[in-house]
Amino acid sequence: MGEERRPGFPWGWLLPSLAVLLGLTAWGAGVYPHLPDRVPRHLGPGGVDAWTEKSVGAVFLPVLVHAGVTVLLAALSAALLRLRPLSELPPHRRTGLVNRPSTRASAVRIARATLFLGFCLGLSTAATCAVMWRTGPDPGVPGPLYAAALVPGVLGLVPLLVAAFRDRRERPE
């Protein structure tokens, strides 16, 4: 099969993650001057349990992590779409170290689900920033913020797992 059969990168599925990244950057830049001299460094079950001096690195670390995760997931999605699927390989070449998607359609589903996971992780990052970027030095963390930090990431895994299990069912004999 030729290169012309490769699906294009699903840019529309990357845009929500980039929008979250842009929003977090703007939010952080707006709130930075108003943050106290000490900002949360670690959240534990009882709330904020470690503090650090305010710096650009300390305040924007979650944004930088989200940027790195977004780049990594976009690169993984692009690489997945470049792989020749099992359905296009002769039977004697279907073994190897690379876990290939079953079909081109499966590769697209998994790539989209991977990018959706990146968006969901961005929402989790936003919830974390809501705690870190409070302008008062309050060590308490409202319970809903913990849920807001965990639930999107967990929910983002569901489409990826569904796509992966569907891919396994579509494997050629």
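Tabulated data for the structure shown
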item: Pair Leu18, Val71: separation of 7 Å Cα→Cβ label points (nm); result: 1.5 nm
item: 0 to 90° range, to nearest 10: angle between helix 56-82 axis and the chain longest Cα axis; result: 10 degrees
item: Pair-distance profile P(r), taking every C-alpha pair of segment 1-66, with 5 angstrom steps and integer %; result: 3, 14, 17, 16, 14, 10, 7, 6, 4, 4, 4, 1
item: Dipole moment magnitude, nearest 20 debye, the chain about Cα centre, only Lys, Arg, Asp, Glu C-beta charged; result: 760 debye
item: Segment 117-173 - Kirkwood radius from inverse mean 1/r over Cα pairs (Å); result: 13.2 Å
item: Residue order for His34, His66, His42 - accessible surface, 1.4 angstrom probe, largest first; result: His34, His42, His66
item: Calculated FRET value between Thr25 and Arg5, using beta carbons and R₀ = 30 Å, to 0.05; result: 0.20
item: Cα-based equivalent ellipsoid of the chain: semi-axis lengths in Å, sorted from largest, via gyration tensor; result: 40, 16, 12
item: Most fluctuating residue given options Ala113, Ala130, Ala74, as computed from a GNM of the chain linking Cα atoms under 10 Å; result: Ala130
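The values are calculated or read from the model by the stated rules, or taken from the named source; none is laboratory data. Keep in mind that this is a model prediction, so the values were computed, not measured. Heads up, the Cβs are rebuilt from the backbone with ideal geometry, glycines too, and the neighbour counts pull from every protein chain shown. All accessible areas refer to the heavy atoms of the entire protein, side chains included, with ligands and DNA or RNA removed. Shrake-Rupley method; radii C 1.70, N 1.55, O 1.52, S 1.80 Å.
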